[in-house]
Amino acid sequence: MANPAAAASTTQAKSTGKPAPRKVIVKVSKPMKAPGLAPAPVEAPVAVPGAPIMVVIKGIVRRQNGKVLPGASVFPASEPDLAVVTDQNGAFELTVPASQLPAGVLTIAYAGLADYQVAMEKAQQQPLLVTLPPKTK
């Protein structure tokens, strides 16, 4: 069924004797540059005086049978509020203050499996590969 608004504009065009307006589609194969304008700058991380230096720890968590483990919690033992959860591929990315690395401990936990703890200094070896064994009774 025809669009009523389109039908009205066609009828109006016929009644006035003027041709109906046409849509013009322009395809651009190259980005256009405006004369005198520089490209937008790419944002880079900026060091802020007094702000803590942050370190990203990445890894993959698996079950003992080798299957990836989505939904495992990964967090610094001293700051569980910084916890992240592994994605559907068992991968995680955790950002922690660099000041925690020397003495910090990273904890990986999943219900029904034994918790795993590793020194944060060792956790910097990217990617950290963790296998969680079953809990012992």
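Looking at this structure, is LYS30 surrounded by fewer than 14 Cβ atoms within 10 Å (Cβ to Cβ), among the charged types (D, E, K, R), in a loop (DSSP other than H, G, I, E, B) and modelled with pLDDT of 60 or more? Taking the combined requirement at face value, the residue does not satisfy it.
Looking across the range 71-89, the residues that are crowded, with 19+ Cβ neighbours inside 10 Å and either touching a Phe, Trp or Tyr at 6+ places or on another chain (Cβ under 6 Å) or modelled with pLDDT of 95 or more (or both) come down to ALA72, VAL74, THR86.
Close contacts from the range 66-93, counting a first residue that is under 16 Å from PRO133 (Cα atoms) and a second that is of a type in the set (Asp, Glu), with Cβ to Cβ under 7 Å and a gap of 6+ residues or different chains, come to PRO70/ASP87. One residue stands out among those in the range 96-118 that are surrounded by 11 or more Cβ atoms within 10 Å (Cβ to Cβ) and modelled with pLDDT under 90: the one that is farthest from ASN65 (Cα to Cα), which is SER99.
If you check GLY66, GLY71, GLY112 for being closer than 28 Å to LYS137 by Cα and touching a Lys or Arg at 6+ places or on another chain (Cβ under 7 Å), only one passes: GLY112.
The values are calculated or read from the model by the stated rules, or taken from the named source; none is laboratory data. Since we're looking at a predicted model, the values are computed, not measured. Neighbour counts are summed over all protein chains in view; Cβ atoms, including those assigned to glycine, are modelled from backbone coordinates with ideal geometry.
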